[in-house]
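For reference, the structure is listed below as structure tokens.
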Amino acid sequence: MHAWRKHKGNPSPIWEELPIPSTPVTGFLVKLLASGAINPFWTLKTGRSSTRSIHLYEHLFAVGIHSKSKVDFFSQGHEGCGEIIQIGEGVTDKRFKLGDRVALLAVPGCGLDNCSECSRDLAQLCPAGMHHGIGQDGFYAEYVAVDVRAAIPLPDGVEPAVAAVATDAVTTAYHGITRRAEVKKEETTFLFGLGGLGFNALQIVRAIGARVIVSDLRQEKLDAALKLGVPAEDIVPVGKSVQDFVKENGLQGRIDTVLEFVGSNQTNQDAQQIGNHPRLRPGGKILCVGTLDLVNGLDMKIGIRKRLSIIFTYGGQYRDLVEVLDLIAKGVIRPQVELGKLQDFPRVLKELGEGKIKDRIALVSDLV
């Protein structure tokens, strides 16, 4: 088979021929049908990303996922969907059979009772489990071996490209909004950024039934939000001061949760200033997802005076992806996905870095 490989110290992906991996006893050999693409290599060069830092990936790559081992190369790609072509002899889950299509969770965790992370419902932070595309072999490949804990049956009507992107671009937003920030129907939220994760976040908040005020620097993104059903009065015009918009539209003291999907110094400060009296409710929340700037300041007086909760989130879990796929199957969430060829990954990277790809793109192998 072939795969795009990350070699230590080399910022460019390398197309390599490799043996097809062996089928794990407690898992599957999967033929990849689609692999979601973001731009980790561009981020590693510049330190910037429109959603969240891939520097974490490079850190994990440099030190090794396991404390006793280090890696020099691995197959990239942490969003995937494929078809089961072999089943390990130790798999007892009767939901799965040969030919089934499955969405693939990049970090399913080891699942052991004595794991300090898995035992606390933090499987996506587990240091001992597999980390596909994050220091260990991932989904920019023609085949991959996965544990049964990483596979979620694909509901009818969900295309592989959409399912692949959903494993992170939707699931990360869903986990942050529903599990971490715990946004409720009666809330008013303020969403910064309608990029690859942010536009999915918008759909999730609307599915919950909460009011959402949206802000983005790109008019086409605001137009898409309007088309989705966001009222014009809940859209901050391009170039308009967020603080002025909040004041002029009588939103003082009415915003419960800020969803920060950009993470620039400007949006971070705007989020906190929304938190200043009298705009964000006392006890309000700021959910931090984006990392356009890797270091942001914290206004201690605002945070303490308003007793704000500043919440960080990372990835998602098995149950999140199950629920996300169900919402997609029902048409509640409609991720925007472009298609590309796995073999064209370097060109796709360049287009991602140049901003030519609007939202997310899924790569499909010539084998499909």
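Table: residues versus (1) out of contact with any strand residue (DSSP E or B) (no Cβ under 6 Å at 6 or more places or on another chain); (2) over 21 Å from Ala3 (Cα atoms); (3) in contact (Cβ under 8 Å) with a residue 40 or more places away in the chain.
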| position | (1), (2), (3) |
| --- | --- |
| Leu321 | no, yes, yes |
| Leu327 | yes, yes, yes |
| Glu338 | no, no, no |
| Leu342 | no, no, yes |
| Leu349 | yes, no, yes |
| Lys358 | yes, yes, yes |
| Ile361 | no, no, yes |
| Val364 | no, no, yes |
| Leu367 | yes, no, yes |
**Prompt:** Residues in region 307-314: is at least one over 17 Å from the mean Cα position of the chain (by Cα) and either under 14 Å from Thr188 (Cβ atoms) or of a type in the set (S, T, N, Q) (or both)?
**Reply:** yes
**Asked** Just a yes or no: is a residue in region 178-187 surrounded by fewer than 23 Cβ atoms within 10 Å (Cβ to Cβ), farther than 23 Å from Gly290 by Cα and not charged (D, E, K, R)?
**Response** no
**Request:** Considering only region 270-368, give the strands (runs of 3 or more DSSP E) lying wholly within it that have at least 2 residues that are modelled with pLDDT under 90.
**Result:** 280-288
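Which one of these is of a type in the set (A, V, I, L, M) and out of contact with any helix residue (DSSP H, G or I) (no Cβ under 8 Å at 6 or more places or on another chain): Leu226, Leu222, Leu287, Leu259?
Answer to the selection: Leu222.
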**Meets criteria (among the β-branched types (Val, Ile, Thr), part of a loop (DSSP other than H, G, I, E, B) and buried (at least 22 other Cβ atoms within 10 Å of the Cβ)) for Val258** = no
**Request:** From (1) under 26 Å from Pro108 (Cα atoms); (2) outside the structural domain of Ile38 (by TED's automatic domain parsing); (3) of a type outside the set (S, T, N, Q), pick out the condition that doesn't hold for Glu323.
**Result:** (2)
**Request:** Could you identify the single residue in Gln252, Gln203 that is in a helix (DSSP H, G or I) and outside the structural domain of Gly36 (by TED's automatic domain parsing)?
**Result:** Gln203
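The values are calculated or read from the model by the stated rules, or taken from the named source; none is laboratory data. Everything numeric here is computed off the predicted structure, so don't read it as measured data. Heads up, the Cβs are rebuilt from the backbone with ideal geometry, glycines too, and the neighbour counts pull from every protein chain shown.
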